[in-house]
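Here is the structure we will look at, set down as structure tokens.
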Amino acid sequence: MKIRGAHSRLMRREEKQSLRKAVIFFLLTILILAGTVFLGIPALVKVAVFLAELKGSSLPVEQTDLIPPAPPRLDPIPEAVKTNLIGLSGSAEAGANVEIYLNDGLVLTIISDNDSHFITEKIRLEQGKNSVYIIAIDKAGNKSSPSEEASLLFDDQPPDLTIEQPADNSRFNGQGEKSIIIQGKTETDVSLSLNDRFIIVGNEGTYATTYSLNEGENKLTFIARDKAENETKKELTIFYSP
């Protein structure tokens with residue numbers, strides 16, 4: 001009898017819960033119908049959208065990287081070279097794409113390593129003056145400002161060198177001709193030496209110096225060397241007797 005009474009109470013409790021749910025559902029239905037009548041369907045849609053946006057705004061939003069990387073840096077390069085191939089190195093944001101520009105044209109893209117360093121393969125220079133700069137692009141696509149522009153000269157031609165006086169195999173005699181004047185012309189911005197003694201070259205490439213002869217045969221060796229290490233060598237033989 002006790003078990004049957006407990007079972008009856010449980011059934012009555014479940015019936016009350018079911019009735020309560022039915023009443024709540026009925027009231028919600030009435031409210032929705034009333035809202036449809038007084039506000040219209042578009043208003044209900046707007047309310048639903050507002051609630052959805054309100055709920056979404058409480059969720060964490062992924063931040064987008066909008067900050068460009070710092071300008072990359074090129075390691076120092078020679079002022080002039082006599083080969084048309086040169087490798088470059090430098091630093092940029094780790095993992096960034098490094099764009100190499102030669103004479104304002106994109107010639108190579110390389111990825112900076114985890115230590116923010118990069119080394120390129122050989123790039124081909126144009127004859128004469130060349131300008132190089134680089135730009136870094138990070139993983140989010142942000143582009144840096146250009147690096148400082150570096151200039152280098154590709155010159156594979158030896159410098160001009162003429163010796164106007166004295167002539168080869170010239171002969172000088174007496175004490176008054178022991179010291180002779182040597183003059184000629186070469187290119188500007190070259191280093192010029194005579195028997196390992198440097199000679200000053202003027203703005204137009206002209207030079208003049210004196211040279212003290214020894215008795216007998218004198219070998220005069222001229223070497224003109226430009227900034228790219230191209231070299232022109234000439235020799236004279238001069239004879240002197242007291």
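Values quoted throughout were computed directly from the atomic coordinates according to the rules given, and no laboratory measurement underlies them. Note that the coordinates shown come from a computational prediction; the quantities given were computed from them, not determined experimentally.
Calculate the length of the line joining the C-alpha centroid of segment 160-189 to that of segment 196-242, in whole Å.
Going from one Cα centre to the other spans 8 Å.
Take every Cα-Cα pair in segment 73-154 and report what % of them are more than 21 Å apart.
Counting every Cα pair in segment 73-154, those more than 21 Å apart make up 23 percent.
Between residue 123 and residue 225, what length in nm is gained on full extension when 0.36 nm per residue of separation is reduced by their alpha carbon distance?
Taking 0.36 nm per residue and subtracting the Cα distance, the gain is 34.2 nm.
Would you list, by chain and number, the aspartates and glutamates whose Cα falls below 19 Å from the Cα of residue 82, excluding same-chain residues fewer than 8 positions away?
121, 126, 155, 156, 160, 187, 189, 226, 229, 231
What does the extension gain come out to for residue 108 and residue 85, with contour length at 0.36 nm per residue minus their alpha carbon separation? Intermediate results must be reported in sequence, preceding the final value.
Numbers: separation 23, 0.36 × 23 = 8.28 nm, distance 1.34 nm.
Extra length from residue 108 to residue 85 when fully extended: 6.9 nm.
Amide H of residue 90: which non-local residues (sequence gap of 5 or more, or other chain) have their own amide H closer than 5 Å, using H built in the peptide plane?
Amide H neighbours of residue 90, under 5 Å, 5+ apart: 75, 118.
Can you give the percent of C-alpha pairs in segment 99-242 whose distance is more than 19 Å?
Distances greater than 19 Å cover 65 percent of the Cα pairs.
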